[in-house]
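Worksheet: the structure to be examined is printed underneath.
The values are calculated or read from the model by the stated rules, or taken from the named source; none is laboratory data. The structure presented is a predicted model; accordingly, all values stated were derived computationally and were not measured. Cβ coordinates were reconstructed from backbone atoms using ideal geometry, including for glycine residues, and neighbour counts include every protein chain displayed.
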Amino acid sequence: MLDGKSAPIDCAVVDLSAGGACLEFSRQQDVPERFEFLHGGVRKIAKLAWRRGYRIGITFSANTEKSISSSSLSRPSPVRG
């Protein structure tokens, strides 16, 4: 599922912590259960925790942080924050 073949999905980061984030989309998005979250030069493996309208909550898997040169969220691999 984390193959990186899908295009990034842009979103707004409403809230961000070490354990997860709240993301908001401009329209309904089909976000997979697991994906790569790219934000601020960091890539993390994320899991969908909840969904309410245009917002979703995600949790980060432990020890999955990697530095990257740019930020993005794509499906099924990254959701861009």
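Of all residues in the range 30-48, those that are at positive phi have Cβ atoms under 9 Å from Cβ atoms of residues that are surrounded by fewer than 15 Cβ atoms within 10 Å (Cβ to Cβ) and among the small types (Gly, Ala, Ser), 6 or more apart or on another chain, in Gly41/Ser67; Gly41/Ser69; Gly41/Ser70. Looking at Ser67, is it hydroxyl-bearing (Ser, Thr, Tyr), more than 10 Å from the chain's Cα centre (by Cα) and modelled with pLDDT under 85? Against the criterion (hydroxyl-bearing (Ser, Thr, Tyr), more than 10 Å from the chain's Cα centre (by Cα) and modelled with pLDDT under 85), Ser67 qualifies. Taking the stated definitions as given, is Arg34 touching a Phe, Trp or Tyr at 6+ places or on another chain (Cβ under 8 Å) and at pLDDT 60 or above? Considered against the rule, which asks whether it is touching a Phe, Trp or Tyr at 6+ places or on another chain (Cβ under 8 Å) and at pLDDT 60 or above, Arg34 comes out as no.
Confirm whether Ala18 is modelled with pLDDT of 90 or more and in contact with an Asp or Glu (Cβ under 8 Å, 6 or more places away or on another chain). So Ala18 does not fit the description; no. Tallying residues that are at pLDDT 90 or above and surrounded by fewer than 16 Cβ atoms within 10 Å (Cβ to Cβ) within the range 37-47 yields 1. Among the residues making up the range 10-32, those that are surrounded by 15 or more Cβ atoms within 10 Å (Cβ to Cβ) and part of a loop (DSSP other than H, G, I, E, B) are Cys11, Phe25, Gln29, Val31, Pro32.
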